[in-house]
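Student: First the structure, then my questions, so here it is.
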Amino acid sequence: MLSHVRTPRRPALIAELLLVGVTYIVYSLIRNSVPEQAGEAMRRGLELWRFQQGINVDAELWINHTVNGVQWLVVPMNYFYAVMHFLVTGAVLVWLYWRHPGRYSPARTVLAITTVLALIGYYLFPLAPPRLLPGEGFVDTLRVHETWGSLTSGDLQALSNQYAAMPSMHAGWSLWCGIFIVIFARRRWIQTLGVLYPLATLVVIMATANHFVLDAVGGWATLGIGFLLQRLLHGRLPHGFAREVPALT
């Protein structure tokens, strides 16, 4: 079985589309059906914020207020938070499928394992984001500036678990994208975008008061475990696979 899993093969397009679609639906259903445990999530959010203040890692409030005061900046950041998470990750998956078919399956496996681990984290460790902490002064920029399509604020927030903040998959998925763009892209300017994207995501999730910096660290750590488990499953990391593989027969 391990030999079969570790054999490079070209993924079937229809199967991959179905797999990605079903996986996303299941992820959304499970994520949003996790008991919210509002009281426990609020307590943990406050404890995390106090811990960060105690170690002087607490720039979130300053970033949030600074960005909120710049209209031309805060609105693009809101939409960055709302849509780039899905668009960029999907685009990188498509790019890997077409341009690096031999590496697509292990790279996708890293993303899948990371996401499953995040779901476990949401269930075991519900945590309120900064914007929901009472009396701490954070501004919910997506609500204040009426960001269309956001599931974290406004009338649509009932459709999403508001306490699934740790680990941050905005941080985890963006770093996943950045790593493969930097490793596999051939043009320097595209590699530069691969470096900037996860850094920009980190700033955005704090500026919009949707995550603490330690939520991001949790997302990066979860991704690291995803790479480790993928390495154990496939016997090598994604970059160890050849770019091209023969078509399935």
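The values are calculated or read from the model by the stated rules, or taken from the named source; none is laboratory data. Treat the numbers as computed from the prediction; the structure is a model and nothing was measured. Every residue, glycine as well, gets a Cβ built from its backbone with ideal geometry; the counts of neighbours run over all protein chains shown. Surface accessibility is based on the protein's heavy atoms, side chains included, excluding ligands, DNA and RNA. Shrake-Rupley method; radii C 1.70, N 1.55, O 1.52, S 1.80 Å.
Student: Summarise the long-distance tail of P(r) for the stretch 60-103 by giving the % of C-alpha pairs beyond 14 Å.
Tutor: Values: 593 of 946 pairs.
Cα-Cα pairs in the stretch 60-103 separated by more than 14 Å: 63 percent.
Student: Solvent-accessible area per residue for the stretch 71-125 at a 1.4 Å probe radius, Å²?
Tutor: Numbers: 2500 Å² over 55 residues.
Ligands and nucleic acids excluded, the figure is 45 Å² per residue.
Student: Which order do the peptides 228-241, 185-198 take when ranked by the mean count of other beta-carbon atoms within 10 Å per residue, highest first? Please list the in-between numbers first.
Tutor: Details: 228-241: 16.1, 185-198: 13.9.
Peptide ranking by packing, descending: 228-241, 185-198.
Student: Roughly how much of residue 217 is accessible, in Å² to the nearest 10, using a 1.4 Å probe?
Tutor: 60
Student: Can you tell me how much longer the chain between residue 237 and residue 71 gets when fully stretched, taken as 0.36 nm per residue apart minus their C-alpha distance, in nm with one decimal?
Tutor: Values: separation 166, 0.36 × 166 = 59.76 nm, distance 4.29 nm.
Value of the extension gain: 55.5 nm.
Student: A further question on this structure: Obtain the nm distance between the two label points defined at residue 87 and residue 46 by a simple spin-label model: each point lies 7 Å from its Cα along the Cα-to-C-beta direction.
Tutor: 3.8
Student: Which percent of Cα-Cα pairs in the stretch 40-130 sits in each 5 Å bin, short to long?
Tutor: Calculated over all Cα pairs of the stretch 40-130, the distribution is 3, 11, 11, 14, 16, 18, 13, 9, 5, 1 percent.
Student: In whole angstrom, how far apart do the alpha carbon centroids of the stretch 39-101 and the stretch 219-240 sit?
Tutor: 23
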